[in-house]
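Some notes on the structure that comes next.
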Amino acid sequence: MSSVYVSPRGFSDKMTKKGVKVLVLAVETSCDETSAAVLRDPDPYESGTRAEGTCPPPMAPEVLSNIVLSQDEVHAPYGGVVPELASRQHIKTITAIVGEALTRAAVGLDAIDLYAVTQGPGLIGSLLVGLSFAKGLAYYHKKPFIGVDHLEAHLEACFLENPGIAYPVLGLLVSGGHTALYLLEEPLSYKLLGRTRDDAAGEALDKIAKFLGLGYPGGPVIEQLAKNGDPKAFPFALPRTKDKSLDFSFSGLKTGALKLIREHGVTKESPRLPDFLASFEEIVARALVDHVRAAADQVQPRSLILCGGVARNTRLRTRFQDFARRSGIDAFVPSPKLCTDNAAMVGAVALKRFARSPGLSTDLDLDAFAR
Ligand code: KG4
Ligand code: ZN
């Protein structure tokens, strides 16, 4: 689309009018989930009585709908996401998913004040489907449009259910494509403390599951099969980077796992499979929480948050909460539906940005970015 400037119709007025709440339609197509959500901004005048000069407590937007269609069945036969199939699938389903999000929210497009979309990082073909769709709607309806960073959206998912999380916040983001630690000193500010130098944690789980022929995505399958396994049965060593940085590395762990699989003859059918998977899951969780501990020592956060698809994992959630309890730091993990890719978290970032700068509108020249 060429560089057409869209002037946001009446948006600033609505943002500042008492009792009028802004509606955002958000779209997420960064990888293999097609998602659309409608969120209503909280009314800042509704936050109850307060002493003069004090700030109202932060309120979360209301999620009126959050529709997520997974493409797992499309990619499962290949043991991983096939980018070309992912973008084709988004094209097939996006109209119905956006329609369903509007229907469940009981609103029409004419009620939408703001459009939001994941801009990147992700699969470029998949991102472009959502981006073009949201741009088209914003252009036609002459409404503001905003591109959202996918990683920022994952972090924001934690605040959707707990808007009052105290800063500074230390955030661990663990997904299929990313593993990173962030320091959040205030809303909408993110400082990268460390990230993976090779595989992401979810990627390591997915690759081991693929090697054993267990299916895709690997994380949930491993979790299910590891349920009754002994997490101490296989001798994994905690991975460490040689310097004192907070960067992660999971490729050594993956290679070590492949070696153990060969040495012990672990297969899809073998009785030791649950023990092996429980041990692997345990070491991944311990490696992640070990980094949180090192980072917490450095930055002394008031709160800890955990997000991204791998944050659905019960063992990781438990280890994370155990560490937080021992350290006396409040910890927050989104409910499972908000951990994996979804559009509600995208809408939440957009609403926060617009609450800060109501006149802000992203140019329609906005492009997708893969990394
Ligand atoms: O955040 P997400 O939906 O997509 C990316 O942005 O990458 O995360 C997907 C990742 C996959 O690697 C998947 O195996 C992992 O999250 N995952 C899990 C679980 N559910 C999804 N990993 C461990 N345990 C789970 N229950
Ligand atoms: Zn994601």
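When 340, 362 are checked against the criterion of being more than 16 Å from ligand 2 (Cβ to nearest atom) and out of contact with any Ser or Thr (no Cβ under 7 Å at 6 or more places or on another chain), a single residue qualifies: 362.
Can we say residue 276 is closer than 27 Å to residue 241 by Cβ and either part of a helix (DSSP H, G or I) or within 13 Å of ligand 1 (Cβ to nearest atom) (or both)? For residue 276, the condition - closer than 27 Å to residue 241 by Cβ and either part of a helix (DSSP H, G or I) or within 13 Å of ligand 1 (Cβ to nearest atom) (or both) - is met.
Per-residue answers, yes or no, for (1) over 20 Å from residue 354 (Cα atoms); (2) out of contact with any strand residue (DSSP E or B) (no Cβ under 7 Å at 6 or more places or on another chain); (3) touching a residue at least 24 places away in the same chain (Cβ under 8 Å):
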site: 59; (1), (2), (3): no, yes, yes
site: 68; (1), (2), (3): yes, no, yes
site: 75; (1), (2), (3): yes, yes, yes
site: 84; (1), (2), (3): yes, yes, yes
site: 88; (1), (2), (3): yes, yes, no
site: 92; (1), (2), (3): yes, yes, no
site: 99; (1), (2), (3): yes, yes, no
site: 104; (1), (2), (3): yes, no, yes
site: 108; (1), (2), (3): yes, yes, no
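Scanning the stretch 149-169 for residues that are part of a strand (DSSP E or B) and more than 14 Å from ligand 2 (Cβ to nearest atom) turns up just one, 169.
Criterion first (surrounded by 15 or more Cβ atoms within 10 Å (Cβ to Cβ), out of contact with any Phe, Trp or Tyr (no Cβ under 9 Å at 6 or more places or on another chain) and not acidic (Asp, Glu)) does residue 371 satisfy it? Working first, answer last.
Values: surrounded by 15 or more Cβ atoms within 10 Å (Cβ to Cβ): no; out of contact with any Phe, Trp or Tyr (no Cβ under 9 Å at 6 or more places or on another chain): yes; not acidic (Asp, Glu): yes.
Judged against the criteria, residue 371 is not a match.
Residue 292 - would you say it is within 14 Å of ligand 1 (Cβ to nearest atom) and under 30 Å from residue 186 (Cβ atoms)? So residue 292 does not fit the description; no. Of the residues that sit in the stretch 114-132 and are buried (at least 22 other Cβ atoms within 10 Å of the Cβ) and of a type outside the set (A, V, I, L, M), which one is farthest from residue 351 (Cα to Cα)? This residue is 126.
Hey, among 193, 172, 205, which residue is within 19 Å of residue 290 (Cβ to Cβ), more than 16 Å from ligand 2 (Cβ to nearest atom) and not small (Gly, Ala, Ser)? Talk me through it step by step, then tell me what you get.
Details: 172 fails: more than 16 Å from ligand 2 (Cβ to nearest atom); 205 fails: more than 16 Å from ligand 2 (Cβ to nearest atom).
One residue alone meets the criteria, 193.
Evaluated against (1) assigned to a helix (DSSP H, G or I); (2) at pLDDT 95 or above, residue 73 falls short on exactly one condition, (2).
Tally time: how many residues in the stretch 182-195 are assigned to a strand (DSSP E or B) and more than 16 Å from ligand 1 (Cβ to nearest atom)?
Restricting attention to the stretch 182-195, the residues satisfying the condition of being assigned to a strand (DSSP E or B) are 182-184, 191-195.
Of the ones still in play, those that are also more than 16 Å from ligand 1 (Cβ to nearest atom) are 183-184, 191-194.
Number satisfying all stated conditions: 6.
With respect to the conditions (1) free of Cβ contacts under 8 Å to residues at least 40 places away in the same chain; (2) under 29 Å from residue 22 (Cβ atoms), residue 328 lacks only one, and its number is (2). Checking each residue in the stretch 333-351 for being surrounded by fewer than 19 Cβ atoms within 10 Å (Cβ to Cβ) and not in a loop (DSSP other than H, G, I, E, B) picks out 336, 337. Of the helices (runs of 4 or more DSSP H) lying entirely inside the stretch 198-269, the ones with 2 or more residues being under 22 Å from the mean Cα position of the chain (by Cα) and not charged (D, E, K, R) are found at 201-211, 218-226.
Hey, can you tell me all the residues within the stretch 21-34 that are within 16 Å of residue 147 (Cβ to Cβ) and part of a strand (DSSP E or B)? Walk me through it before giving the result.
From the stretch 21-34, those within 16 Å of residue 147 (Cβ to Cβ) are 24-30; that's our starting set.
Matches in the stretch 21-34: 24, 25, 26, 27, 28.
Scanning the stretch 285-307 finds one or more residues that are under 18 Å from residue 179 (Cα atoms) and of a type in the set (Asp, Glu). Just one of (1) in a helix (DSSP H, G or I); (2) acidic (Asp, Glu); (3) out of contact with any helix residue (DSSP H, G or I) (no Cβ under 7 Å at 6 or more places or on another chain) fails for residue 282. It is (3).
Among the residues of the stretch 264-287, those that are more than 15 Å from residue 253 (Cα to Cα) and either of a type in the set (Asp, Glu) or in contact with a Ser or Thr (Cβ under 9 Å, 6 or more places away or on another chain) (or both) comprise 264, 269, 273, 275.
The values are calculated or read from the model by the stated rules, or taken from the named source; none is laboratory data. Predicted model only: the values in this text are computed from it and were never measured. Cβ atoms come from the backbone with ideal geometry, glycine included; neighbour counts cover every protein chain shown.
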